[in-house]
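In what follows, a structure is listed as structure tokens, so that the remarks can point back to it.
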Amino acid sequence: MNAPPVTSSPRLPGVRVLVTGGARGIGGSIAARFAAEGARVAILDRLVEAGTAHAAAIGGTFHEVDLLDPASARAVTEAAIAELGGVDVLVNSAGIFELKPLLEITVEDWNRMFSINARAMLTTMQTVAPHMFDAGGGRIVNLASMAAKKGGANEAHYAASKAAVVALTRAAAMEWGCHGVTANALCPGYVLTEMGAATRTPELVAQWSALSPLGRLGQPEDVAALAVFLATPEAGYLTGQALNVTGGMVTH
Ligand SMILES: NC(=O)c1ccc[n+]([C@@H]2O[C@H](COP(=O)([O-])OP(=O)(O)OC[C@H]3O[C@@H](n4cnc5c(N)ncnc54)[C@H](O)[C@@H]3O)[C@@H](O)[C@H]2O)c1
């Protein structure tokens, strides 16, 4: 992971941020970028070693959680909010990916994909919402994917779970806007993290890179920059959106 950028005037001093999946990858970069902007960051993840080390490196805190378990997810989220003394921003980045032909996807595969990628977001959003309502507002940023918009061969359960994330985010924007809460989804293209690394050959990287007018794949920092922007005052009138971060691979 690259070092967070040095900013002379932090844009989010004291802002209290929860980042699920913040131990590594896109969530890790988002956590680092928020911290570099002066925010107070709590990382929620199941990777204890990586999460503890990353939280220490960015001056944040780490909370172990398996988001598959709704009761535990709710309790750990409440504990992180109590430790921060409230919550201004929730970033849901935790997710899983799997390549499997449509005909081979089992009900267990489907349920696991939806439990982590979509249902866990429902749980953390339901947990932060009353706190944000009491405070007069907040920001929610959910990691979807370009798969939500364009689908993908051999990833039907992943793509469907990400389409669910977009719909969930839009519903939150509509229901919670009256409380001053904005909710937006980010739809990254191919981002160079450990997710999908096992099947990412140099040939595939070259093929995918050619799909972008910019001629390259995404870096976690490309996504993190937008997540931070969505938490700034400048993004206050932006809600219910599913924003592409694909290097131009998807334009709708
Ligand atoms: N990498 C990409 O190309 C890409 C593209 C589009 C969207 N996304 C989305 O961005 C998000 C982050 O992806 P990434 O590339 O950083 O992946 P990653 O695998 O590097 O990181 C995912 C993080 O989520 C955590 N996590 C997974 N299941 C969990 C659980 N049950 N409980 C707690 N934590 C759990 C992992 O421990 C890990 O730290 C995901 O939602 C992913 O679907 C990624």
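The values are calculated or read from the model by the stated rules, or taken from the named source; none is laboratory data. Keep in mind that what you see is a predicted model, and the values were worked out from it rather than measured. Cβ: placed from backbone, ideal geometry, glycine included. Neighbour counts: every protein chain shown.
Here Thr182 does not fit the description of being over 25 Å from Ala135 (Cα atoms) and among the β-branched types (Val, Ile, Thr).
A Cβ distance below 7 Å, combined with a sequence gap of six or more or placement on separate chains, defines the contacts here; from the range 235-252, residues that are on the phi < 0 side of the Ramachandran plot reach residues that are hydrophobic (A, V, I, L, M, F, W, C) and part of a loop (DSSP other than H, G, I, E, B) in the pairs Ala242/Ala144; Asn244/Met146; Asn244/Val250; Thr246/Met146; Met249/Met146; Val250/Met146. Considered as a group, the residues in the range 137-168 that are closer than 27 Å to Ile81 by Cβ and touching a His at 6+ places or on another chain (Cβ under 9 Å) include one that is nearest to the ligand (Cβ to nearest atom), and that residue is Gly138.
Of everything in the range 123-136 that is within 17 Å of Glu78 (Cα to Cα) and surrounded by fewer than 18 Cβ atoms within 10 Å (Cβ to Cβ), the residue that is nearest to the ligand (Cβ to nearest atom) is Gln126.
Counting only residues that are within 11 Å of the ligand (Cβ to nearest atom) and either crowded, with 24+ Cβ neighbours inside 10 Å or hydroxyl-bearing (Ser, Thr, Tyr) (or both), the range 37-53 holds 4 of them. List the number of the failed condition for Gly177; all other conditions in (1) surrounded by fewer than 15 Cβ atoms within 10 Å (Cβ to Cβ); (2) within 12 Å of the ligand (Cβ to nearest atom) hold. Exception for Gly177: condition (2). Contact annotation: residue pairs with Cβ atoms under 6 Å, 6 or more positions apart or on different chains, pairing a residue in the range 214-229 that is farther than 27 Å from Pro202 by Cβ and touching a residue at least 40 places away in the same chain (Cβ under 8 Å) with a partner that is among the basic types (Lys, Arg) and within 14 Å of the ligand (Cβ to nearest atom), are Val228/Arg33. Whenever a residue of the range 142-156 is farther than 13 Å from Ala167 by Cβ, its partners that are within 11 Å of the ligand (Cβ to nearest atom) and among the aromatic types (Phe, Trp, Tyr), lying with C-beta atoms within less than 7 angstrom and at least six residues away or across chains, give the pairs Ala147/Tyr158. Tell me yes or no: at least one residue of the range 182-189 is more than 11 Å from the ligand (Cβ to nearest atom), at pLDDT 95 or above and among the hydrophobic types (A, V, I, L, M, F, W, C). Yes, the conditions are met somewhere in the range 182-189.
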